[in-house]
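The structure under discussion appears below in the form of structure tokens.
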Amino acid sequence: MANTSSAKKAVRKITHRTAVNKARRSEMRTQLRKVEEALSAGNAAAATAAMAVAAPLLMRASQKGIIHKNTASRKVSRLNIRMKKLAQA
């Protein structure tokens, strides 16, 4: 248990930050799943719309330290490749 007032405040900050990060991570994963579902269904219009929402969320998550910058870039890149293949088919 925290003994000093600064340690107690740190516990409160950690709890709040954990909740914020969890919400951001959950929203990011939800939007990624929507892109994946649209791609697997072969719906290019829905995939494009979902990607327009998911890509900024991924990059924002990387800026906030929820995921690594390279991970976000890799995910966006791979999704874009799959979208281009879907558009050509």
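Readers should treat all values here as calculations from the given coordinates under stated rules, not as data from a laboratory. These figures come from a predicted structure and were not determined experimentally. Here the Cβ positions follow ideal geometry from the backbone for every residue, glycine too, while neighbour counts run over all protein chains shown.
With respect to the chain, whose longest principal axis is taken over its alpha-carbon atoms, helix 69-88 is tilted by about 20°. For the chain, the Cβ-based charge dipole about the Cα centre amounts to some 440 debye (Lys, Arg positive; Asp, Glu negative; other atoms uncharged). One quarter of the surface of the convex hull around the alpha-carbon atoms of the range 5-88 equals 5.5 nm², the direction-averaged projected area. Relative contact order for the chain: 24 percent, from Cα pairs under 8 Å spaced at least 6 residues apart, divided by residue count. Among Arg24, Arg33, Arg12, the largest mean-square fluctuation in a Gaussian network model of the chain (Cα springs under 10 Å) belongs to Arg12.
Within a straight-line Cα-Cα reach of under 27 Å, Lys34 can be paired with the following lysines, leaving aside sequence neighbours fewer than 8 residues apart in one chain: Lys22, Lys64, Lys69, Lys75, Lys84, Lys85.
With angles folded into 0 to 90 degrees, how steeply does helix 5-41 sit against the dominant principal axis of the chain? Use alpha carbons for both and round to 10. Result, in degrees: 10.
Projecting the Cα positions of Asn3, Ala87, Ala19 onto the charge dipole of the chain (unit charges on Cβ atoms of Lys, Arg, Asp and Glu, taken about the Cα centre) puts Asn3 furthest along the positive direction.
Taking other Cβ atoms within 10 Å as a rough exposure proxy, Met28, Met59 sort from fewest to most as Met59, Met28.
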